[in-house]
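Worksheet: one structure, shown below.
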Amino acid sequence: GDAITVSDLAQKLALKGGDVVKALFKMGVMATVTQSIDHDTAVLVVEELGHKAVRPSDSDAETELLAQVEDAGQQGELAQRPPVVTIMGHVDHGKTSLLDYIRRTKVATGEAGGITQHIGAYHVKTAKGTISFLDTPGHAAFTSMRSRGAKLTDIVVLVVAADDGVMPQTIEAVQHARAAKVPLIIAINKMDKSDADPMRVKNELLAQEVVAEDFGGETQMVELSAKSGQGVDELLDAILLQSEVLELKAVPDGRASGTVIESALDKGRGPVATVLVQRGILRKGDYLVCGVQYGRVRALFNETGEQVAEAGPSIPVQVLGLSGVPDAGDDFVVVADERLAKDVAQQREAKRRESRLIKQAGNRMEDVMAQM
Ligand code: GDP
Ligand code: MG
């Protein structure tokens, strides 16, 4: 099992490191706070301390899962994939308007449809290529992405209103993108307004070391209006140009894996998750593990509410058939059979329950100590 340092364990139990060291000593184990103890010893010392620790299930299923994922990764050749774009910007600078304009005018709706659904992401097909947009609030998507170390977003479109200029959340977005090493494209919005001043925006961005191409820098800046749509095609071109530079690639066949963007419990349809496929092809009938949930894909829907048979890299799709509602940011992986999917999900759930119990035990212990 996993090793844990004495100080980490003490922290989990909300105890002083010294108290855990003393308890270990009583058990005949000599360890300082900085030393690691193995899992079995940790369980014993927690019991010694008056907690009831649950033994974790072994991680055979996770090991098997990893082997399957690695196997799948060996197969197939890398191919170009569409960019995944997140829109960020200061409040009221036009993020929602821009996403809505693109969705309304560029998402290919089917014969029956005509109405796009809000599923947390959508993709557009242009003559020059496909682009996926994450439709979740930019900052939230970015934060959860960063905390998980997963890289969901390839390009950030930073919306700056031409009549308002660089504002605090503009600067924050620049810093987020920089920290995550994700390139920026600037959408200078509200160009239809009489007081629009794109030069001011470029100058203020220069002060943040975001340098426009016409200033000798490398950041594409597109003047547009999310209201009239003027300039939006140029923005899509700029995204595809940036995407070419990034040489975004994924293996477009084999079992799929990716990330949950949004999830909900639907009254009629049960757990519904919108996932972004990041490698492979997700198909109807596939078995998958998704966070602590598992299931078999009963149906896949695109952003216009149409059923689709499959989804490849960078394409968002709604999944029906999971055992429960996963969390946004959870990974999903397609596995060969239902047994493994179920084993992994159940072991993860047990692990989650265990750490909750240890935490609760720690809290109880703390109460007891406080009364002594
Ligand atoms: P968000 O907070 O960044 O999502 O901004 P919204 O998309 O909600 O837009 C804030 C306000 O600016 C709304 O009243 C929009 O109608 C307006 N707006 C957005 N884009 C434009 C534009 O290109 N031109 C004009 N004139 N107004 C815009
Ligand atoms: Mg908005």
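Readers should treat all values here as calculations from the given coordinates under stated rules, not as data from a laboratory. Just so it is clear, the structure is predicted and the values come from calculations on it, not from any experiment. Neighbour counts run over all protein chains shown; Cβ positions are idealised from the backbone, glycine included.
Points to keep in mind about this one:
- Relative contact order (percent, whole number), the range 226-372, Cα cutoff 8 Å, 6+ residue spacing: 24 percent
- For the chain, the longest principal axis of the alpha carbon atoms and the long axis of helix 60-74 meet at an angle near 30°.
- The chain: relative contact order as a whole-number percent, Cα under 8 Å and 6+ apart: 18 percent
- Global form of the range 184-284, assessed from the alpha-carbon gyration tensor, a/c cut-off 1.5: prolate
- Shape of the range 256-372, Cα gyration tensor, a/c cut at 1.5: prolate
- Highest-first arrangement of 283-293, 7-17, where packing means the average Cβ count within 10 Å: 283-293, 7-17
- The fraction of Cα-Cα pairs per 10 angstrom bin, counted from 0 for the range 231-274, comes to 20, 23, 32, 23, 3 percent, rounded to whole percents.
- Shape class for the range 1-41: oblate, because the ratio a/c of the largest to smallest gyration tensor axis (alpha-carbon atoms, square roots of eigenvalues) is 1.5 or more and b/c is at least a/b.
- Candidate lysines for bridging to K193, where Cα separation is under 28 Å - those fewer than 8 sequence places away on the same chain excluded: K95, K106, K202, K227
- Only helical runs count toward this figure. For the chain, summing -39,500 (n - 2.57) over DSSP H runs of n ≥ 4 and dividing by all residues gives -11500 deg cm²/dmol at 222 nm.
- Distant alpha-carbon pairs in the chain (separation over 25 angstrom), percent: 62 percent
- Packing-based ranking, highest mean first, of 348-354, 156-162 given that Cβ atoms within 10 Å are counted: 156-162, 348-354
- Cross-link reach is defined here as a Cα-Cα straight distance under 14 Å, omitting same-chain residues fewer than 8 places apart; for K190 the aspartates and glutamates meeting it are D92, D163, D164, E223.
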